[in-house]
Structure formats: structure tokens, C-alpha cells
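The values are calculated or read from the model by the stated rules, or taken from the named source; none is laboratory data. Predicted model, so just to flag it, every value in this text is computed and none were measured. A quick note on method: Cβ atoms are made from the backbone with ideal geometry, for glycine too, and the neighbour counts reach across all protein chains shown. To get the accessible areas, we keep the full protein, side chains included, count just its heavy atoms, and leave off ligands, DNA and RNA. Shrake-Rupley method; radii C 1.70, N 1.55, O 1.52, S 1.80 Å.
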Amino acid sequence: MKNIIIANWKCNPENLEKAGELLAKIKDKISDLSWSGKIDVVICPPFPYIACLNMEGTDIKLGAQDCFWEDKGAYTGEVSPLMLEDIGCKYVIIGHSERRKYQKETDQMINSKVKASLLRGLKTVLCIEGSSQIKDDLKDVSKESMGNLILAFEPIFAIGTGKPCSVDLALKENTEIRKIIGDSLPILYGGSVNSSNAKDYIEKANYNGLLIGGASLNPEEFFKIIASLEG
Ligand code: PGA
């Protein structure tokens with residue numbers, strides 16, 4: 001299975017100019033690597049930047065950090081999977097713990113979002129803090145429609161804290177998740193990933209990729225993470 005590295009920029013950077021500069025630096029840094037074809041690199045900027053970023057000359061894919069469960073209608077403030085597809089978004093993150101916390105997203109809402117984005121053909125990255133959430137978040141999602149599903153194990157204590165999950169615990173959770181979802185879907189690890197620990201989650205804890213917050217805003221560090229997985 002190909003490794004997937006996803007940059008979650010969260011609510012950063014503070015303007016479009018800086019977003020363009022950040023992307024340009026990342027493109028420039030990773031252009032020398034022979035990662036193309038071996039690792040899928042995805043960047044998930046805030047909504048307003050997605051359609052404005054210059055993705056020419058790179059294999060990096062774009063993703064969003066959330067989407068709604070309806071394609072259109074009277075839903076003030078929402079962005080639909082249809083709109084994301086239309087502007088060239090290939091990936092969407094659903095159920096991030098920060099949305100569960102600050103936007104009070106429930107498993108039921110997340111379940112609706114997962115179904116809608118899978119139906120639209122988006123690669124859907126479902127974030128969970130443990131295997132117990134899978135049942136509710138994937139309720140009534142048929143095996144046949146799961147082809148574009150990606151799971152991301154993100155322990156809350158590790159998110160944005162600089163306190164990464166131990167490899168042992170990460171491996172244990174990976175095994176639990178695999179028992180439920182089987183062998184075919186990718187599982188990512190997320191939470192305080194940096195260039196020193198990235199490889200361990202892939203090689204020792206058997207993850208198929210990483211969801212990276214803070215370190216993805218630093219082009220040098222993001223590059224080092226990708227480079228550490230290259231060999
Ligand atoms: P972090 O965030 O890498 O800054 O810990 C990860 C995430 O929230 O996806």
C-alpha cells in the first residue's frame with residue numbers, strides 16, 4: 001500500500017499571500033525527491049485558499065478539512081462535497097477532534113459527512129481517537145462504498161502538544177482498528193508527528209501514512225518528514 005502524507009494546515013496561515021509562499025516552498029523542497037508515485041502527498045488548506053493555490057508543476061493533491069453532508073441548498077456557511085469536487089479537491093478530512101470539540105460535531109453528523117463525501121468520490125479521511133468510534137462513524141456505510149475511505153488514528157493527548165503517542169500504543173491501536181476494518185484500507189497516524197518520529201509510525205507501528213498539523217507549516221520539517229520515508 002502506498003504511503004499517504006497529509007498536511008492539515010488547520011486555520012493557518014493568516015492570509016492568501018502566506019499560503020501561496022508556504023506552498024511554493026514545499027513544492028520547491030520536494031521537487032528533488034523521487035517520491036512521486038511512491039508517496040501520495042496531500043495539502044489541506046483552509047477553504048478560501050483551496051481554489052486559489054497554484055498547483056501547477058507538482059503531484060501534490062489538494063484536500064479540505066471538512067465538508068457538509070448535502071450537495072447544495074439552504075445551509076448557510078456550509079461547503080459541500082460537490083463544491084469540493086468541482087474545484088479539484090481530491091481529499092477531505094472528516095471528524096477531526098478539533099471539530100468534534102469546538103463545532104460540537106457528533107458521531108451522527110460525522111457519519112452523514114462520511115457517507116456524503118464517499119458518495120461524491122472524495123478520498124475521505126475519517127479521524128478517530130480510538131477504535132470504539134468506528135461503529136458509529138461508519139454506521140450503514142457499506143463495504144462496497146468504502147473504497148475511498150482512509151482512517152486516521154489521532155490520540156487527543158498528542159494533537160498539537162508536542163507529546164507524540166508511543167510506538168507501542170500506536171501499534172496496539174492500529175491492530176484494534178485493523179480487526180474492525182480489515183486489511184484493505186489505509187490507516188494514518190496523527191499527533192505531534194515530526195521528522196524524528198515519522199518513520200517509526202510507518203515501520204514499527206505499521207501505519208500507511210501520517211496526518212501532520214504543526215510540522216506541515218514548516219517547509220523544512222515537512223520536507224524532512226517526507227524524505228525520512230523515501231528510502
Ligand atoms: P499536530 O496535529 O501534528 O500539530 O499534532 C495533527 C492533527 O491535528 O491532525
Measuring from centroid to centroid over Cα atoms, what is the spacing of the stretch 126-152 and the stretch 177-231 in Å? 19
Probe 1.4 Å - accessible area at Glu98, Å² to nearest ten: 60
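Suppose every Lys and Arg Cβ carries +1 and every Asp and Glu Cβ carries -1, with no other charges. What dipole size does the chain come out with about its Cα centre, to the nearest 20 debye? Display every interim value, and only then the final one.
Values: 28 positive and 32 negative charges, 65 e Å.
The calculated dipole for the chain is roughly 320 debye.
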Accessible area per residue of the stretch 1-160 at 1.4 Å probe, in Å²? 50
Can you list residues whose amide H is under 5 Å from Asn3's amide H, if they're 5+ apart or on another chain and H is modeled 1.01 Å from N? Asp40
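Express the carbon and sulfur contribution to the solvent-accessible surface of the chain as a percent, rounded to the nearest whole number, probe 1.4 angstrom. Don't skip to the end; give the middle numbers.
Numbers: 5510 of 10990 Å².
Roughly 50 percent, rounded to a whole number.
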Percent breakdown of C-alpha pair distances by 10 Å bin, ordered from the shortest bin, for the stretch 36-168: 12, 41, 36, 12, 0
Surface accessible to a 1.4 Å probe, Ser80 within the full protein complex, Å²: 0
Which of Ala170, Tyr207, Ile4 sits farthest toward the positive end of the charge dipole of the stretch 3-216, with +1 on the Cβ of Lys and Arg and -1 on the Cβ of Asp and Glu? Ala170
Can you give me the Kirkwood hydrodynamic radius for the chain, using every pair of distinct Cα atoms, in Å to one decimal? 17.6
